[in-house]
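Take a look at the structure set out below.
The values are calculated or read from the model by the stated rules, or taken from the named source; none is laboratory data. Computed from a predicted model, the values in this text were never measured in an experiment. Note that each Cβ is placed from the backbone with ideal geometry, even for glycine, and that neighbours are counted across all protein chains shown.
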Amino acid sequence: MNLDRKRAVVEDVMEAVMSGTVGSIARHFLPGAVISQRSNAALSDEPWFGRMEGEFRLAGEAEARAFFEELLKRTSYISYELRGIVCEFDEAASRCDWTRRDEESGTLITGTTMYWFGFSSDDRIRTIESIGSIHSVIPSRRAETV
């Protein structure tokens with residue numbers, strides 16, 4: 001059990017997801033890793049949230065890379081702040097506050113996402129569960145053309 005190694009893996013994955021750069025994070029996932037994503041985005045009628053909610057099983061490194069590339073196409077952040085990482089035994093947790101802008105409507109969205117990581121005995125990720133919470137949706141005030 002190498003807590004420093006697990007912390008480094010969590011930091012690598014979080015930075016990649018929030019910055020929009022997949023890099024080589026797919027190597028951190030155990031074949032058959034499960035990613036579960038949920039959010040309160042359904043509470044909004046805004047079309048901007050192309051969410052990938054549900055449970056996804058990643059068969060291997062190529063599938064993990066494809067999954068994250070698709071996820072990052074749908075989500076780009078203006079700013080984010082990693083609010084901490086806690087590692088104990090074969091689990092870790094992290095929280096991130098973020099802001100993003102819908103490219104079509106200009107709407108600003110702020111929120112927080114909690115992440116829980118489960119690790120295998122060789123320090124690879126076997127599960128990630130994320131729960132996102134949208135705090136505010138601020139419509140764009142673009143000037144109307146006459």
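Considering only residues that are of a type in the set (D, E, K, R) and more than 22 Å from GLU61 (Cβ to Cβ), which ones fall in the range 88-139?
Hits for the range 88-139 are GLU88, GLU91, ARG95, ASP97, ARG100, ARG101, ASP102, GLU103, GLU104.
Does ILE125 satisfy the condition of being buried (at least 17 other Cβ atoms within 10 Å of the Cβ) and within 11 Å of VAL10 (Cβ to Cβ)?
It is true that ILE125 is buried (at least 17 other Cβ atoms within 10 Å of the Cβ) and within 11 Å of VAL10 (Cβ to Cβ).
Go through (1) modelled with pLDDT of 90 or more; (2) touching a His at 6+ places or on another chain (Cβ under 9 Å); (3) more than 20 Å from SER133 (Cα to Cα) for ARG7 and report which single condition fails.
Every listed condition holds for ARG7 apart from (2).
Table: residues versus (1) touching a Leu at 6+ places or on another chain (Cβ under 9 Å); (2) of a type in the set (Val, Ile, Thr).
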{"position": "SER94", "(1), (2)": "yes, no"}
{"position": "GLU104", "(1), (2)": "no, no"}
{"position": "THR113", "(1), (2)": "no, yes"}
{"position": "ARG126", "(1), (2)": "yes, no"}
{"position": "GLU129", "(1), (2)": "no, no"}
{"position": "GLY132", "(1), (2)": "no, no"}
{"position": "PRO139", "(1), (2)": "yes, no"}
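Answer yes or no as to whether MET14 is surrounded by 18 or more Cβ atoms within 10 Å (Cβ to Cβ) and either at pLDDT 90 or above or under 18 Å from MET114 (Cα atoms) (or both).
yes
Just checking, which of GLY111, GLY132, GLY84 is of a type outside the set (Val, Ile, Thr), farther than 19 Å from PHE29 by Cβ, touching a His at 6+ places or on another chain (Cβ under 7 Å) and in a strand (DSSP E or B)?
The unique qualifying residue is GLY111.
Taking the stated definitions as given, is THR112 polar (S, T, N, Q) and either at pLDDT 90 or above or in contact with a Cys (Cβ under 8 Å, 6 or more places away or on another chain) (or both)?
yes
Scanning the range 58-93 for residues that are among the small types (Gly, Ala, Ser) and touching a strand residue (DSSP E or B) at 6+ places or on another chain (Cβ under 7 Å), which turns out farthest from GLU11 (Cα to Cα)?
Filtering the range 58-93 for residues that are among the small types (Gly, Ala, Ser) and touching a strand residue (DSSP E or B) at 6+ places or on another chain (Cβ under 7 Å), the one farthest from GLU11 (Cα to Cα) comes out as ALA59.
Here are the criteria: (1) outside any strand (DSSP E or B); (2) at pLDDT 85 or above; (3) exposed (fewer than 13 other Cβ atoms within 10 Å of the Cβ); (4) under 14 Å from the mean Cα position of the chain (by Cα). Tell me which single one LYS73 does not satisfy.
In the conditions (1) outside any strand (DSSP E or B); (2) at pLDDT 85 or above; (3) exposed (fewer than 13 other Cβ atoms within 10 Å of the Cβ); (4) under 14 Å from the mean Cα position of the chain (by Cα), LYS73 misses (2) alone.
Could you tell me whether ALA92 is more than 16 Å from SER39 (Cα to Cα) and at pLDDT 85 or above?
Criteria met by ALA92.
Does the range 27-44 include one or more residues that are farther than 28 Å from ASP102 by Cβ, in contact with a helix residue (DSSP H, G or I) (Cβ under 8 Å, 6 or more places away or on another chain), among the charged types (D, E, K, R) and modelled with pLDDT of 85 or more?
yes
Name the residue, out of ARG100, ARG57, that is modelled with pLDDT of 80 or more, outside any helix (DSSP H, G or I), of a type in the set (D, E, K, R) and surrounded by 18 or more Cβ atoms within 10 Å (Cβ to Cβ).
ARG100
Give me the pairs: first residue in the range 1-27 and free of Cβ contacts under 8 Å to residues at least 40 places away in the same chain and under 17 Å from ALA92 (Cα atoms), second residue among the β-branched types (Val, Ile, Thr) and not in a helix (DSSP H, G or I), beta-carbon distance under 7 Å, and six or more apart or on different chains, which are they?
none
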